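*Asks:* A single structure is presented below for examination.
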Amino acid sequence: MSLLRSLRHRPRLICSIALALVLPWLLPDSVPAPTRALIGWDAGVWLYLALLLQMMFKENGSSHLQRTAQANADSMWAVLMVATLGATASLVAVALEQSQVKQGLGTLHGLPYLVLVISTVVGSWLLLPVEFALAYAGIYHQDSAKGTEPHGLEFPGQDDHPDYLDFMYFAITLAATSQTSDVAVSSRPMRRLVLIHAGLSFVFNTCVLALTINILAGLIS
């Protein structure tokens, strides 16, 4: 019930899931099923990312950002689990899609599949840090509901509370480099979330590298 209640307060997620589920059924039957599934996944992911980034840019006021972060923190573990499972499933689908590239008649025929694969990998990679940025903001502002000062991440040279772009900076840096850079982690719940994020990012980056090598090898051979 908590997951359903959480989804009701997340219209962006619901719209993106609906698009990902409906779009494959609207494509012609001549398009292979794995390709239709990937197109639906890509459309849903990129719509979700666009809507979330739009929301992040709009949230400039500190009090409004705190309310938004606390609302998105409910059942965040469930949302992160869905994002992780979806990203893993997309990598499996990309691996299956390589057979379509190898069966292509020359580079021009295989180019649309290559573009689809790149779109899937990039979108899936971005999905994790964006979701974790929401989780970091939620944990950071949990103490605000109790009347205490938010804490958990210490941004150097900043007197006011961080905005969503600050949390995105932290999440993208951690996902790309597997280190926390200049931001200090100062609470146990935040350290645990950083540990999970670093582990998932390492596995995901390793899979992306392996798939990229296989795709290039399939195009060259």
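The values are calculated or read from the model by the stated rules, or taken from the named source; none is laboratory data. Nothing here was measured: the structure is a model prediction, and the numbers come from that model. All Cβ positions, glycine included, derive from the backbone under ideal geometry; neighbour counts span all protein chains shown. Heavy atoms of the whole protein, side chains included, go into the accessibility calculation; ligands, DNA and RNA do not. Shrake-Rupley method; radii C 1.70, N 1.55, O 1.52, S 1.80 Å.
*Asks:* Confirm whether LYS102 is in contact with a helix residue (DSSP H, G or I) (Cβ under 6 Å, 6 or more places away or on another chain), at pLDDT below 80 and open to solvent by 40 Å² or more (accessible area, probe 1.4 Å).
*Replies:* yes
*Asks:* Among VAL122, VAL117, which is assigned to a helix (DSSP H, G or I), at pLDDT 80 or above, of a type in the set (A, V, I, L, M, F, W, C) and under 27 Å from ASN214 (Cα atoms)?
*Replies:* The unique qualifying residue is VAL122.
*Asks:* Scan segment 162-221 residue by residue and report those that are assigned to a loop (DSSP other than H, G, I, E, B) and charged (D, E, K, R).
*Replies:* ASP163, ASP182
*Asks:* Examine segment 140-157 for a residue that is within 15 Å of the chain's Cα centre (by Cα) and either open to solvent by 20 Å² or more (accessible area, probe 1.4 Å) or modelled with pLDDT of 85 or more (or both), and state whether such a residue exists.
*Replies:* no
*Asks:* Right, something else. Among the residues in segment 78-92, are any assigned to a helix (DSSP H, G or I), at pLDDT below 70 and either open to solvent by 30 Å² or more (accessible area, probe 1.4 Å) or touching a helix residue (DSSP H, G or I) at 6+ places or on another chain (Cβ under 9 Å) (or both)?
*Replies:* Looking through segment 78-92, at least one residue is assigned to a helix (DSSP H, G or I), at pLDDT below 70 and either open to solvent by 30 Å² or more (accessible area, probe 1.4 Å) or touching a helix residue (DSSP H, G or I) at 6+ places or on another chain (Cβ under 9 Å) (or both).
*Asks:* Which pairs have Cβ atoms under 6 Å, sit 6 or more apart or on different chains, and link a residue in segment 200-221 that is over 19 Å from ALA87 (Cα atoms) to one that is at pLDDT below 70 and assigned to a helix (DSSP H, G or I)?
*Replies:* Pairs that qualify, where the first residue is over 19 Å from ALA87 (Cα atoms) and the partner is at pLDDT below 70 and assigned to a helix (DSSP H, G or I), are GLY218/GLN98; GLY218/VAL101; GLY218/LYS102.
*Asks:* Among the residues of segment 176-217 satisfying the criterion of being farther than 24 Å from GLU154 by Cα, open to solvent by less than 60 Å² (accessible area, probe 1.4 Å) and under 17 Å from the mean Cα position of the chain (by Cα), which is modelled with the lowest pLDDT?
*Replies:* Ranking the candidates gives VAL208 first.
*Asks:* Still on this structure: Of the residues that sit in segment 30-59 and are outside any helix (DSSP H, G or I) and modelled with pLDDT of 80 or more, which one is surrounded by the fewest Cβ atoms within 10 Å (Cβ to Cβ)?
*Replies:* Once the filter is applied, the top-ranked residue is SER30.
*Asks:* Test SER62 against the stated conditions and say whether it is open to solvent by 50 Å² or more (accessible area, probe 1.4 Å), hydroxyl-bearing (Ser, Thr, Tyr), at pLDDT below 90 and under 19 Å from LEU116 (Cα atoms).
*Replies:* Answer is no for this residue.
*Asks:* Does LEU108 fit the bill of being aliphatic (A, V, I, L, M), modelled with pLDDT under 70 and open to solvent by 30 Å² or more (accessible area, probe 1.4 Å)?
*Replies:* Here the answer is yes, as LEU108 does meet what is asked.
*Asks:* Can you tell me which residues in segment 118-144 are of a type in the set (Val, Ile, Thr) and in contact (Cβ under 8 Å) with a residue 60 or more places away in the chain?
*Replies:* Once the filter is applied, which keeps residues that are of a type in the set (Val, Ile, Thr) and in contact (Cβ under 8 Å) with a residue 60 or more places away in the chain, segment 118-144 yields THR120, VAL121, VAL130, ILE139.
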